[in-house]
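The structure under discussion appears below in the form of structure tokens.
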Amino acid sequence: MAKEISFTLDGQEVSGLPGETIWQVAHRLGIEIPHLCYSPAPGYRADGNCRTCMVEIEGERVLAASCNRLPKVGMVVWVESARARNARSIVMELLVTDQPARLQAHDPESELWQWAERIGQMESRFPKRSSPPNDSSHPAMSVNLDACIHCTRCVRACREVQVNDVIGMAGRGADNLIVFDMGDAMGESSCVACGECVQACPTGALLANSTALET
């Protein structure tokens, strides 16, 4: 049987199971670390791209994404250090910059807005960028690209969990966006409306239409 990994988490000696990430160990012990691109639901691999789960590891210059970082024996990890908290706050500020204000948000109770409230970073000092037009071509779901943070949870939901391979990413940098098939409107794509992407989305960028929910 593989041995547990003993390390220090916020000053407490803890043990991680083989294969557990820092985030998973913290979650198991009741220590909450913000996360948006990572989903603890079965079948979702960690991607580490949103950076809201960053923690400080003693001896390392760069903060680490706790969702895909495995602890090592003797490692000293800080979730609540000033540096880690400040970094997560700045990341959240950047993420809310291009979002519709919470009162006008497609999903005001989304994971993003709940974490923004808990972190205390509901507004941004940075200028808002323009967003691609939203897509309401599908009868059951809407695509609200002004709420998308490019976390790729929907891509993994479609490709790796449901194995439908309809959703992908296109473009580079500021032009990056989620697409369906070859850039088709969602209603004209090969989407089978399984709803996995809607369940995965942490922002309301993919949302079930209220009329569809009522039928």
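Tabulated data for the structure shown
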read-out	value
D_trans [Stokes-Einstein, Kirkwood Rh over alpha-carbon pairs] for the chain, 10 °C, 1.306 mPa s, µm² s⁻¹	86 µm²/s
Separation in nanometres of the label points that stand 7 Å from Cα toward Cβ, at residue 170 and residue 103	3.6 nm
Alpha carbon convex hull of the stretch 2-115, volume per residue in cubic angstrom	113 Å³
Distance between modelled label sites at residue 61 and residue 177, nm, 7 Å Cα→Cβ extension	3.8 nm
In degrees, nearest ten, helix 82-97 long axis to first principal axis of the chain (Cα)	0 degrees
Contour excess over end-to-end distance, with Cα ends at residue 184 and residue 12 and 0.36 nm allotted per residue	56.8 nm
10 Å beta-carbon shell around residue 75, net charge (K/R +1, D/E -1)	0
Estimated distance in nm for a label pair at residue 94 and residue 210, the labels positioned 7 Å out from Cα along Cα-to-Cβ	3.5 nm
Helix-only mean residue ellipticity at 222 nm for the chain, each DSSP H run of n ≥ 4 adding -39500 (n - 2.57), per residue, nearest 500	-5500 deg cm²/dmol
Trypsin sites (Lys or Arg not before Pro) within the stretch 56-90, DSSP loop, no more than 16 other Cβ atoms inside 10 Å	61, 72
From the C-alpha gyration tensor of the stretch 130-215, square roots of 5λ in Å	18, 15, 12
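Bear in mind these aren't lab numbers, they're just calculated from the coordinates by the rules spelled out. All values reported here derive from a predicted model rather than from experimental measurement. Please note: Cβ atoms are built from the backbone with ideal geometry, for glycine as well, and neighbour counts cover all protein chains shown.
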